[in-house]
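Encoded as structure tokens, the structure appears first; notes follow it.
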Amino acid sequence: MADTFDHLLAIIVEVDAHIDAQTARAYRDQPLAGHWARITKVCEEAGEVWRALSKATGENPRKGVCGTWDELLEELGDAMSAAACGIQHITKDEARTREVIVAAFEKAYRRIPEYGTNGVSGDRPHEEWGGCEGGRCWCDAQHTAAEVADLNGAHHG
């Protein structure tokens, strides 16, 4: 079991290499076809997430509840795995894959109105944000979390 992010990234890299090596020759010979196959796997897994949710909640009255939350969680994990491996497939660079995954979670985290108030981000500068929105600065100026909290959505020069 992956107990650190570094270990998880190593697994992602190894799984990606294995899939590349075991893919049918037609996909190996046509990189664009390989990209389509790997990226659309995320869509396939998302469909399985929807199906598991439908079963777990009894969305179909004819079938009723015929699935479990554990099945839904398993499908969500599969979708996340497919997405992570899709990122690695495109980057072929463990460090870049880390950047993309971390950036996605940081982007989600920055959408929390209390960003910076729970001790996770501290008062580090946020020069990477790029724009202003809803009391959170996304411009190129360097602001601490406390300064960002004082913006109240006003753009500044």
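What the table shows:
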quantity: Long-range lysine pairs (8 or more apart or interchain), the range 5-109, Cα under 23 Å; calculated: 4
quantity: Cα shape, the range 18-108, gyration tensor, a/c 1.5 rule; calculated: oblate
quantity: Whole-Hz ³J(HN,Hα) from phi, Karplus 6.51 cos²θ - 1.76 cosθ + 1.60, for the range 94-99, glycine and proline x; calculated: 4, 5, 5, 4, 4, 4
quantity: Förster-model FRET efficiency, 30 Å R0, Tyr109 and Arg25, C-beta, rounded to 0.05; calculated: 0.10
quantity: Listed peptides 45-54, 61-70 by packing density, highest first (mean Cβ within 10 Å); calculated: 45-54, 61-70
quantity: Phi to ³J(HN,Hα) by Karplus 6.51 cos²θ - 1.76 cosθ + 1.60 over the range 7-13, Hz, x for Gly, Pro; calculated: 5, 4, 4, 4, 5, 4, 4
quantity: Integer Hz, Karplus 6.51/-1.76/1.60 couplings in order for the range 83-91, x for Gly and Pro; calculated: 5, 4, 5, x, 4, 5, 4, 6, 7
quantity: Per-peptide average of other Cβ atoms within 10 Å, ordering 14-22, 74-82 highest first; calculated: 74-82, 14-22
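Read the figures in this text as sums done on the coordinates, not as results from a lab. Since this is a predicted model, take the numbers as computed values, not measurements. Here Cβ is always computed from backbone atoms with ideal geometry, including for glycine, and neighbour counts include all displayed protein chains.
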